[in-house]
1. Of C:Ala139, C:Ala96, which residue is over 30 Å from C:Leu309 (Cα atoms) and part of a helix (DSSP H, G or I)?
2. Restricting attention to region D:131-154, which residues are within 11 Å of chain C (Cβ to nearest Cβ), farther than 20 Å from D:Asp196 by Cβ and assigned to a helix (DSSP H, G or I)?
3. Would you be able to say whether some residue in region D:138-149 is under 20 Å from D:Ser391 (Cβ atoms), buried (at least 24 other Cβ atoms within 10 Å of the Cβ), of a type outside the set (S, T, N, Q) and touching a helix residue (DSSP H, G or I) at 6+ places or on another chain (Cβ under 9 Å)?
4. Tell me whether region C:311-322 contains one or more residues that are surrounded by fewer than 17 Cβ atoms within 10 Å (Cβ to Cβ), of a type outside the set (D, E, K, R) and within 28 Å of C:Cys215 (Cβ to Cβ).
5. Just wondering, is there one or more residues in region C:46-67 that are in the same structural domain as C:Leu150 (by TED's automatic domain parsing), of a type in the set (Ser, Thr, Tyr) and open to solvent by 30 Å² or more (accessible area, probe 1.4 Å)?
6. Output the residues belonging to region E:10-27 that are crowded, with 19+ Cβ neighbours inside 10 Å and more than 16 Å from the chain's Cα centre (by Cα).
7. Quick check on my filter: what residues within region D:243-257 are among the aromatic types (Phe, Trp, Tyr) and in a loop (DSSP other than H, G, I, E, B)?
Amino acid sequence: METQAIIDKLREKFAAEIVGSDLETFDPWVEITPGSVPQVAQFLRDDPQLRFDLLHCVTGVDYFEPDEKKAAKVDWEPHVEVIYHLSSMAQRHRLVLKVTLPRWKDDTPGQLPEVPTVSHLWNTANWHEREVFDLSGVRFVGHPDPRRMLCPEDWVGHPLRKDYEMPTEYHGIRAR
Amino acid sequence: MDLLTEPVGLSHYLVVGAILFVCGVLCMAIKRNALGVLMGVELVLNGANLNFIAFSAPYLRADSQYATGLDGHLIAMFVIVLAAAEAAVALAIALNYYNNHATIDVDEGDELKG
Amino acid sequence: MAKFFIEYLDSLSIPILPEWIVHALVYLIVGLVQCGVLLAIVMVSVAVFTWMERKIAGRIQDRLGPTRTGGRFGWLQPLADGIKLWTKEDLVPKNADGLLFRVAPYIAFCASFTVFLALPFSDGWVAQNLNVAAFFVLAVAGLEIFGTILGGYGSGSKWSLFGAMREAAQVVSYEVPLGLCVLIPVMIAGSMNLVTIGNIQAGLFTNWLIFHDPCTFITFFVYGTCAVASVNRAPFDLAEAESELVAGFMTEYSGFRWSIFFMAEYGSMLAVSALATTLFLGGWNGPVPVTELLGWTEAAGAHPVLVQLGNLLGAANFLCKTYIGVTVMIWARWSLPRLRIDQVMTTCLKYCLPIAAAMLVGATLWLYAFPGGMILKQRLPDVSSQVPSDSCGTKTGDG
Amino acid sequence: MSLERLDPEMVEFDVRTDEMLINMGPQHPSTHGVLRLLLRTDGEVVTDVTPHIGYLHRCAEKIGENVTARQWIPYTDRMDYLAAMNMNLGWSLVVEKLLGREVTERTRHVRVLVSELNRIANHLVAVAAYGLDLGNFTPYAWTFREREKILDLFEEVCGARLTCSYIVPGGITGDFPAGWLDRCETFLQEFEPIIDQFHSLLTNSAIFIRRTGGIGVLSPEMAIDYGCTGPVLRGSGVKWDVRRDGDPWYTRMYEDYEFEVIAEIDGKYPQDQEYPPVPEAVVLGDSWHRYYVRMLEVVQSMRLIRQAMEFYRQTDPQWSDPIKVTEKLPKGQVYLETEAPKGQMGFMVIGDGTAKPWRARARSSSFCNLSVVAELCRGGLIADVPAVVGSLDLVLGEIDR
Amino acid sequence: MEAINWHSFFFLLFGLAAGGFALAVVLSGNIVRMGFYLIMSLGAVAGLFFLAGAEFVGAMQLMIYVGGTMVLLVFGVMLTARGPFVSMKTPGGQWVLATIVGGSLLVMLLHTAVSVDDWRVKAVAEKAELSEEPPEVELSETTNPDRLGMALVGVRSDQPDPRQPAEEFGMSGYLLAFEIVSVHLLVVLIGAAYLARTKRVGSRD
């Protein structure tokens, strides 16, 4: 199925939830509202014409420029993006799903942004969401096992945030 | 040095048997651990076994025509086999007891409900 | 031998010490020397086995194995290993039960080496000619597991505990078919005395009990399987399965204590192999009765020195066969994957045990139908005349 | 204990009298590195497995944001250090796609050649370590002997044996030295008969079949659900290989090449060579099949290498230049998956107009393959845990990144 | 002074070991240690059996008792030896009571053991005086296992009843006892397996 057709099909069902899309770039993507992720994902997975059975990857990207000089030049507002790479083995097509989140929930630093989990749809998401939570600081609501994945349990901060500061010490081990 | 140079007799074996027996009885009496009690039983059986073997050895006593001969050995064999059976059952009971009561203390097993 | 020295000393009658002390000392020294000789044979064998294991493993794996220590073939590698192990720091884990942890290797060692007390190396060359030697060997060899269990429990490590549990389950199970397999030659020989069992296999190799009838032939392989399992060698080395249990019951051991366990393992390998040789492979009797042809036997009225020389030949024969057995075990270790614990138990209970039982029945029937075995014996054993002979050269431990 | 404080899972565990909690790893002979599996066992039966990873975490993705695209190549070496060429290839392709830069024919064939050679090397280690996990030492020595020859070839090509950094965005770092192809051909000729030895040592060994057959059965649905890829997926009978079914930017590399995707379809493996038959005791998707797929893929890789050598000889000696270290990446984001030996290795790069990627992402194949381990091990015996973990062919450098 | 009697020497060795370890079983509070001491004690008893000429029974003791039963027991200890159950203290009052009862029992038994004259007379000593052979040779006069086996199935080689030749076979042996023990053993094994089988009591909460 062509990407355009996929997006048309999506629009048909979730007209309100689709925020934007780009089909001209390398990997055509569709952006949806955070709240609609489980419904859209469920539809993408279960619709017989779409059948996105394989979730490759969940990625968190932090758009934030700590350097004020550079920050003035960028053309985006600070935000966090969660990207889902999907493909269908049966139908042989692929799609990139994007969700834009605020960097902090309610603009209070320390409050992680939230997005519903899709780990009940694809088990791949289970560990990947944990990793995104761990490294990029996105809370996946409804995740069955919301622990850190790669960093120790008591690690402070989320390393892939652009404003992350490496701690100087961890349990008596000099870290810098 | 008398003990080292003189041949031992029946009494010597019986003394060791008696010590084992009494140790076993003490063990059964004072141990609170069910398996400790079981160990006491084993000691008692061994004390008895030693007596059987000693009585059946013809050259340990002057009146060797009264030695029990094969009988002693055979009874000792039966005791060993029965001890194996007894240990298996006792252990099964102890483990069940442990599973149901979450303790191995025999003093606490005063209820009959499983 | 001690008697000879005592008589000699008495004849000198030098009043240095009270007589009983002299006697005690002589007995002690002679006993120790004889024990030492026996122990030395086993220890040297163990050293040779460690070297063999490395060499054979190397060859199987397209490597050379040790080549540096002590010449081209690395002969002194066991010594170097020993020095390394014995000078290593002796660690006792914090959670360990100190007493059990320390004592366990010695229990295993003692059990493994006590077996040789009753194993005849040649006709009459046995430390203690026991009436029930076959049974004794099995019984004592079975005690080795206490070292493993107590060591595994005393280590205070869960992996060790797992190893100990596995060992207990495995060895106790395998003792049953092992016992049945030993029973068959014992039944054919009509004696549990290993010297007797060895002697009835004298003559051509067709007299060996493995060739006695088809049942004994099969039994030999069942025995081999069970023996490998009961001494914890691959593919049955579950108690120390390094890819599952780190090192099983030996996880927390290091240095000297580890080497004691190690020696115990090789000692038991030697023991079960020697038992197999005695029970099935003719013991000290070569394939062709060279000593009888030469007339170096007591029956032929040869000089005692020649008789002992013949016995020496027999001992060499015996060790040769035993070493082959150990080599097969080493070979198996380096070419087979390890079984799983349930498969090990299945092998025992579903295959070895029924086969051994069937072979016992089969051998009984065969013995009833063809008393002489498959090929008619040149000389049939006279069981009733087999009293323990006192003519042996190395009768040690007179108590 | 500090462990309990750190790990709420462990506190939640309600340990019954006959249950034991065991830490398999991070120092354990058969977890292939610093993987920690928290086993909950009832006697010998494993009732639950909780993998804990991150002991080798170096935050490679963070490093990727702070170095340029070309500079990140050595870091990709250290992800799957057993298949460095394939890691290099993945990152190179994704950067090339972002830059829109194509490589010459010859470069393409060289890339196929070395990455397939590395696939053989990786599968050899996988098979060897699998034998070791099951208690057989000898395959390890044998396969390492063969692998050494491959590493020798790599050493001649790029100077490094393990961390090659040979394939870089835009091209490769250099041509093969003189006579290299002949030596490669010699290796293939020597290696071909040895495969049968491996088959006789493991594949056909009764004990091996018993240890792996029916152990850790992974259904195709579950495999896809967990994102398992590579031989793990194909071992479940799914004929899916990104070299054939992936992104055109990647599959173009394998144009003109003939090879079979190894997967059991209708109870049969592609029969282009005499293979040992599939024993009856095995079930599709079990550890034995995962192992067997690797053994057969080695043969396919040899086929590919032979073809690549032929193409190499036929093409003009034209090389594409690797990108400069400070080459600026255009704006845009690209995600591309390549068929690494362990599965689909995905790289994502987000360019923002500078030389350093705004975000470099590595989707690790072993990471997804490991996530299924709890499902596979549950209900098995302790001895099955190494048998399952080994069959997944994990490399912790790739999982922890 | 005459030579050391090795029989006595080894008797002393094994006897002290048996008694000492038995005492250690009583005195030790740690159940695992108790198991260990018990093994040592039973092993020493096996040695005493060998000394008393019962080689078969001695080997049997080693094999079945020490190698089988004790493994089972140690197994049980390992399964239940957790936390508070490793060392369980006995109240002092029980100790006193037990010591009194046990001590008097011991005194009584020892008195019996040494007071019967016949038991104190040493046959070996008399025989040794008569013959030139050292006493340890007597040890080879042991019971052959085949005689034991025959007795088990009812043929007594040592005590044929001279008065009733008809009862010589089958009547004076232990066939019935043998059968009973066998059946008993079988029942017990099945019963033990039934009792110790895995049971899931209650739910996980």
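1. Values: C:Ala96 fails: part of a helix (DSSP H, G or I).
That would be C:Ala139, the only listed residue that is over 30 Å from C:Leu309 (Cα atoms) and part of a helix (DSSP H, G or I).
2. D:Leu132, D:Asp133
3. yes
4. yes
5. Within region C:46-67, the first condition is being in the same structural domain as C:Leu150 (by TED's automatic domain parsing), and the residues that meet it are none.
No, region C:46-67 contains no residue that is in the same structural domain as C:Leu150 (by TED's automatic domain parsing), of a type in the set (Ser, Thr, Tyr) and open to solvent by 30 Å² or more (accessible area, probe 1.4 Å).
6. Matches in region E:10-27: E:Phe10, E:Val26.
7. Filtering region D:243-257 for residues among the aromatic types (Phe, Trp, Tyr) gives D:249-250, D:254, D:257.
The answer is D:Tyr257, and nothing else.
This table checks each residue for (1) modelled with pLDDT under 70; (2) in a helix (DSSP H, G or I); (3) more than 17 Å from E:Leu106 (Cα to Cα); (4) more than 7 Å from chain E (Cβ to nearest Cβ).
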site: B:Val41; (1), (2), (3), (4): no, yes, no, yes
site: B:Ala48; (1), (2), (3), (4): no, yes, no, yes
site: B:Thr68; (1), (2), (3), (4): yes, no, yes, yes
site: B:Ala87; (1), (2), (3), (4): no, yes, yes, no
site: B:Tyr98; (1), (2), (3), (4): no, yes, yes, no
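The values are calculated or read from the model by the stated rules, or taken from the named source; none is laboratory data. A quick note: this is a predicted structure, and the numbers were derived from the prediction, not measured. With ideal geometry, Cβ positions are generated from the backbone for all residues, glycine too; neighbour counts draw on all protein chains shown. Accessible surface areas use protein heavy atoms only, side chains included; no ligands, DNA or RNA. Shrake-Rupley method; radii C 1.70, N 1.55, O 1.52, S 1.80 Å.
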